[in-house]
Each structure stands twice: as C-alpha cells, then as structure tokens.
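Laboratory data are not the source of any read-out in this text; all were calculated from the coordinates shown. Just so we're clear, the structure is a prediction, and the values are computed from it rather than from any experiment. Using ideal geometry, Cβ is built from the backbone for each residue, glycine included, and neighbour counts are taken over all protein chains shown.
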Amino acid sequence: MIVNAIHHVAIIVSDYKKSREFYVNKLGFEVIRENYRQERGDYKLDLRLGDCELEIFGMPNPPKRVSRPEACGLRHLAFRVSNIEQAIQELNKQGVQTEEVRLDEFTGKK
C-alpha cells in the first residue's frame, strides 16, 4: 500500500460557532459542506485548505480532553505559513491569542 498524502484531519470541538468562525473567517478555510445531523444533535463541517481537508464535529457536551498534550489522541494541528511573524500579527489583529513561537528541537525551524 502506498499513501500519497493526508486527505483530512478530523477534530471534535466544544463550541461549533466559535470554531467555524475561527477556521473560516480568521484562517480562510473554504467550506465544502456543512450539515446539522438531527439524529446526533451535532454539526459536521467539512473545510478545505489547499489539498487538505479538515472535518469539524461540533457536538453537545463532548468528553473533556486530558489536560496534557501528551495524552493519546490528536496532540496538535500545524499549518504551514510563508511568514510566521506576519501570520501571528494577522491573527492577533483579529483577536486570536497566540503562544510564544518555539523552535523544533530536531529541525531548528519555528
């Protein structure tokens, strides 16, 4: 079996409207599909950025995430940008709080 690329990443969010606002209006993801699933009482939002898709599941009262990022499951979601400092400034102007930029200990990249 040969894998060519990542097709999509799926995340569960606790605040659907806030998450949709962030990914669509602040980061510029394109909405592919948006569906309310009556039988589950949740939303499923399919987004696209370049060749990758992000599935957002907004469900009422999702289980709380363990507080440590080393817990089993999705640790983080990373986006490639042309200029990290510019991206941070743009996010901050939109009211998005950002953390201090860290260097990867193996690649030395931000």
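Per DSSP H run of at least 4 residues, take -39500 (n - 2.57); add these up for the chain, divide by its residues and hand me the 222 nm value, nearest 500 deg cm²/dmol.
Values: 2 runs with 15 residues, N = 110.
Dividing the helical sum by the residues of the chain leaves -3500 deg cm²/dmol.
By DSSP, the beta bridges lying fully in segment 1-61 are antiparallel in about 70 percent of cases. In order along segment 95-110, the phi-based Karplus estimate (6.51 cos²θ - 1.76 cosθ + 1.60, θ = phi - 60°) of 3J(HN,Hα) comes to x, 8, 6, 10, 8, 5, 6, 10, 9, 5, 5, 9, 8, x, 8, 6 Hz; Gly and Pro are listed as x. All alpha carbon pair distances within the chain were sorted into 5 Å bins beginning at 0; the resulting P(r) in whole percents reads 2, 9, 16, 20, 21, 18, 9, 3, 1, 0. Here's how it looks for Phe29: its modeled amide H is under 5 Å from those of Val24, which are all 5 or more places away or on a different chain. Model label points for Gln86 and Glu30, set 7 angstrom from Cα along the Cα-to-Cβ axis, are 2.1 nm apart.
Charge tally for Ile88 (other residues, Cβ to Cβ under 12 Å; Lys, Arg +1; Asp, Glu -1): -2. Placing unit charges on each Cβ (+1 for Lys and Arg, -1 for Asp and Glu) gives segment 1-61 a dipole about its Cα centre, and among Ser19, Val9, Leu45 the Cα reaching farthest toward its positive end belongs to Ser19.
Amide H contacts of Glu53 (H built 1.01 Å from N, in plane; Pro and chain starts excluded): His8, Val9 sit under 5 Å, all sequence-distant by 5 or more or on other chains. For the chain, the longest principal axis of the alpha carbon atoms and the long axis of helix 84-93 meet at an angle near 50°.
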